[in-house]
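Below is one structure, written out as structure tokens; the observations come after it.
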Amino acid sequence: MLEKVTDTAKALMAFKAETDTIPYAKKIADYFNIDTPAALKEDFGFQASVLHFEMRSRSLDYFLEKTSAPTVLELSAGFSLRGLEYAHRNINTTYLDTDLNSIITAKTGMLENMGETVPSNLQFLDLDALDEKSFPAVSSEVLIINEGLLMYFNRESQRRILRNIHSLLNKNGGTWVTADIYLKHETHTLGSDRDKKWNTFFKKNNVHENYFESFGQAEQFFHDNGFRIIEKYEPEFEKLSSLPKLLETGTPKQLELLKSKGRIQETWQLAVK
């Protein structure tokens, strides 16, 4: 049941666990007893969602692989263990994994229960993106990343978050990669939300109103708040483990409809103007 925004951190693992590229996703799903029915795994809409979230995750990994910043700050990390994998592979980089206190407490408890070793260059911190004082003090260039944050806030609150990120980058240098460039759309139009669970939740939290009308509107919004675009991520479909399953479950009509909808989301790397 989706009630609070923080509930989505756990619910999304149902999709992510169906991929082979998202670190620890299957293990996390097992920890939360998330078991997707076999019939649902054969549903085209479900597989479309799996592909979407795998691609969104991959978009952040793309920029992580390119960065030389000595500090990475992930906002609203949820139960993702991207930071754990990255810290193990990049011992000279400090990775700050952040979210609201309730999520961080549950996440560190999960890691302890799973018996995972947390390297010294990985830190778990409470952070409220609306509160500049809760942002950690860093003394080096920083790469800020996030997926699944801005859409839960109205434009005024989004501006507050942008001001806080702008302030940190202005002091330390670096860039911000956000996967939250979403256009207005209905989650049930392609059958990926048959029971309307997500659509109901989104309406309750005004998520649809927080999406952008166009990518042009989004560009203007970030420009007006002191940011410039460095790079826009281009999907790497050949790296997505879920694509074959999507093609297998979809009819020609469903695949054509999905293609005709065009992009509803992009990931951008931004810097201070």
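The values are calculated or read from the model by the stated rules, or taken from the named source; none is laboratory data. Every value quoted in this text rests on a predicted model; they were computed, and no experiment measured them. Glycine gets a Cβ as well: all are built from the backbone with ideal geometry, and neighbour counts include every protein chain shown. All accessible areas refer to the heavy atoms of the entire protein, side chains included, with ligands and DNA or RNA removed. Shrake-Rupley method; radii C 1.70, N 1.55, O 1.52, S 1.80 Å.
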Report task. Keeping every protein chain in place, order Leu243, Leu96 by accessible area at 1.4 Å, biggest value first, i.e. largest first. Result -> Leu243, Leu96
Report summary line: Rounded to the nearest 5, the percent of DSSP beta bridges in the chain running antiparallel is 35
Report task. Only helical DSSP H runs with n ≥ 4 go in: add -39500 (n - 2.57) per run for the chain, normalise by residue count and round the 222 nm mean residue ellipticity to 500 deg cm²/dmol. Result -> -12500 deg cm²/dmol
Query raised in the report: Which of the following values of Cα extents along the principal axes in Å was calculated from the structure shown: (i) 52, 46, 35; (ii) 54, 41, 36; (iii) 97, 42, 31?
Result: (i)
Query raised in the report: Which aspartates and glutamates have a Cα less than 16 Å from the Cα of Lys232, not counting those fewer than 8 places away in the same chain?
Result: Asp61, Glu65, Glu147, Asp180, Glu219, Glu266
Requested in this report: Go ahead and set up a Gaussian network model of the chain, Cα springs under 10 Å, then flag whichever of Thr108, Thr251, Thr67 fluctuates most.
Outcome: Thr251
Query - Assigned charges on the beta-carbon of Lys, Arg, Asp, Glu; the chain dipole about Cα centre (debye) - result: 440
Report task. May I ask you to give the percent of accessible area on the chain that is carbon plus sulfur, with a probe radius of 1.4 Å? Result -> 50
Query - Solvent exposure, largest accessible area first (probe 1.4 Å, DNA, RNA and ligands not counted), of His185, His208 - result: His185, His208
Report task. Pop the C-beta distance of Asn33 and Asp131 into the FRET formula with R0 = 25 Å and round what comes out to the nearest 0.05. Result -> 0.15
Report task. Kindly report, to the nearest 10 Å², the accessible surface of Asp224 as traced by a 1.4 Å probe over protein heavy atoms only. Result -> 100
Requested in this report: May I ask you to give the solvent-accessible area per residue for the chain, in square angstrom, as obtained with a 1.4 angstrom probe?
Outcome: 47
